[in-house]
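Student: The following block contains the structure, expressed as structure tokens.
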Amino acid sequence: MLIALAQLSASPDRGANLEKILGAMRTAREAGADLIAFPEVILDRFFPQVPGDKAAFDLAEPIPGPTADRIAAQAKALGLVTVFNMYELDDAGRRFDSSPVFDADGRLLGITQMVHITDYERFHEQDYYHPGLAGMPVYETRVGRVGVAICYDRHYPEVMRALGVAGAELVVIPQAGTLGEWPEGLYEAEVRTAAFQNGYFTALANRVGVEGRLHFSGESFVCDPEGQVVARGKTDEEDLVIVEIDLAKCAESTARKLFWKHRRPELYRDWLG
């Protein structure tokens, strides 16, 4: 199948951003893509770079809701599995960094919420997000078993392993990563390692552009189940990365044929606090 990563920038105009998102879905489908993935909170400028901006709280929306419904309708019209990411407001007034996943018929299969919430210079996410409550689901989509690890969650091997244990064949990573944010090579290496250790494809969709003091790098990429990069987006430019992947390779991966059969899960609970 073909998957697409929509490497986009965000303007201050939310309506224009949404139209760009819907346009990327249309372009991806016209190119033959069966699934599309988007960067983190790409509907808006990256508000967590400013601590405690209460005006930003009003950007959160319910799922289903106005934006999610537009994405769902476009997914249905195009027959395109869609992994989105947005600022969610739940019925209890809590706000989450969330990825609704829509099947090719537009059905909302579920919502993955970011579990680990960071706080450091220009990433004041604890001011805006509650820790996720929904666990690490894997979704049975028309094209295969898809999991989501939102941005900061990718740093936690527990998250990446949980998705593997649940049977993910593809793990999508909505990202807001900047130029030089991590030591050279490490940013990519941990995602490649997770793919290799768990025997699934990984697909990281990053935003791009200069927003205030942040310079988002793009450089979205896809890894196969042996940890090899099979596609990469442009640096510092919008891009639509489209690549063919074969999920049957997961069953034949080193992890699934070797590592997984020697696991000792009955021991791990006592090791991990």
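The values are calculated or read from the model by the stated rules, or taken from the named source; none is laboratory data. Because the structure is predicted, anything quoted here is derived from the model rather than measured. Positions of Cβ are generated from backbone atoms using ideal geometry, with glycine treated the same way; all protein chains shown enter the neighbour counts.
Student: Which numbered condition trips up residue 31, out of (1) surrounded by fewer than 15 Cβ atoms within 10 Å (Cβ to Cβ); (2) within 27 Å of residue 117 (Cβ to Cβ); (3) in contact (Cβ under 8 Å) with a residue 24 or more places away in the chain; (4) not polar (S, T, N, Q)?
Tutor: So residue 31 meets the others, but not (2).
Student: Counting only residues that are touching a helix residue (DSSP H, G or I) at 6+ places or on another chain (Cβ under 8 Å) and without any contact (Cβ under 8 Å) to a residue 40 or more places away in the chain, which one in the stretch 186-213 is surrounded by the most Cβ atoms within 10 Å (Cβ to Cβ)? Don't jump to the end; show me each part of the working.
Tutor: Restricting attention to the stretch 186-213, the residues satisfying the condition of being touching a helix residue (DSSP H, G or I) at 6+ places or on another chain (Cβ under 8 Å) are 190-191, 194, 196-202, 204, 211-213.
Now drop any that are not without any contact (Cβ under 8 Å) to a residue 40 or more places away in the chain, which leaves 190-191, 202.
Numbers: 190: 17, 191: 25, 202: 29.
So, considering only residues that are touching a helix residue (DSSP H, G or I) at 6+ places or on another chain (Cβ under 8 Å) and without any contact (Cβ under 8 Å) to a residue 40 or more places away in the chain, the one surrounded by the most Cβ atoms within 10 Å (Cβ to Cβ) is 202.
Student: Considering only residues that are in contact with a strand residue (DSSP E or B) (Cβ under 9 Å, 6 or more places away or on another chain) and in a loop (DSSP other than H, G, I, E, B), which ones fall in the stretch 72-105?
Tutor: 80, 84, 85, 90, 94, 103, 104
Student: Out of the residues in the stretch 116-161 meeting the condition of being of a type in the set (A, V, I, L, M) and touching a Pro at 6+ places or on another chain (Cβ under 6 Å), tell me which one is surrounded by the fewest Cβ atoms within 10 Å (Cβ to Cβ).
Tutor: Here is the first cut: in the stretch 116-161, the ones of a type in the set (A, V, I, L, M) are 117, 133-134, 136, 138, 143, 146, 148-150, 159-160.
From what's left, touching a Pro at 6+ places or on another chain (Cβ under 6 Å): 117, 150.
Values: 117: 19, 150: 26.
Looking at the filtered set, the residue picked out is 117.
Student: In addition: What number of residues in the stretch 34-52 are aliphatic (A, V, I, L, M), buried (at least 19 other Cβ atoms within 10 Å of the Cβ), on the phi < 0 side of the Ramachandran plot and assigned to a loop (DSSP other than H, G, I, E, B)?
Tutor: Matching residues across the stretch 34-52 total 2.
Student: Right, next: Please list, ordered by first then second residue, the pairs with beta carbon atoms under 6 Å, 6 or more apart or interchain, first in the stretch 247-260 and at pLDDT 95 or above, second of a type outside the set (Asp, Glu) and not in a loop (DSSP other than H, G, I, E, B).
Tutor: From the stretch 247-260, the pairs are 247/144; 255/197; 255/198.
Student: I would also like to ask the following. Test of understanding: among 192, 154, 122, 142, which residue is over 16 Å from the mean Cα position of the chain (by Cα) and modelled with pLDDT of 95 or more? Working first, answer last.
Tutor: Working: 192 fails: over 16 Å from the mean Cα position of the chain (by Cα); 154 fails: over 16 Å from the mean Cα position of the chain (by Cα); 122 fails: modelled with pLDDT of 95 or more.
It is 142.
Student: Same structure, new question: Just need a number here: residues in the stretch 135-158 that are without any contact (Cβ under 8 Å) to a residue 40 or more places away in the chain, in a loop (DSSP other than H, G, I, E, B) and not aliphatic (A, V, I, L, M).
Tutor: 2
Student: Still on this model: Would you pick out the residues in the stretch 53-73 that are loosely packed, with under 14 Cβ neighbours inside 10 Å and either touching a Lys or Arg at 6+ places or on another chain (Cβ under 7 Å) or closer than 11 Å to residue 87 by Cα (or both)?
Tutor: 58, 62 - these are the residues of the stretch 53-73 that are loosely packed, with under 14 Cβ neighbours inside 10 Å and either touching a Lys or Arg at 6+ places or on another chain (Cβ under 7 Å) or closer than 11 Å to residue 87 by Cα (or both).
Student: Does the stretch 118-134 contain any residue that is of a type outside the set (Ser, Thr, Tyr), assigned to a loop (DSSP other than H, G, I, E, B) and free of Cβ contacts under 8 Å to residues at least 12 places away in the same chain?
Tutor: Checked the stretch 118-134: at least one residue is of a type outside the set (Ser, Thr, Tyr), assigned to a loop (DSSP other than H, G, I, E, B) and free of Cβ contacts under 8 Å to residues at least 12 places away in the same chain.
Student: If I ask for residues that are in contact (Cβ under 8 Å) with a residue 60 or more places away in the chain and acidic (Asp, Glu), which ones from the stretch 161-185 would you list?
Tutor: Correct list: 169 only.
Student: Now a separate question. Which members of the stretch 1-20 meet the condition of being surrounded by 23 or more Cβ atoms within 10 Å (Cβ to Cβ) and either out of contact with any helix residue (DSSP H, G or I) (no Cβ under 8 Å at 6 or more places or on another chain) or assigned to a helix (DSSP H, G or I) (or both)?
Tutor: 3, 5, 7, listed by residue number.
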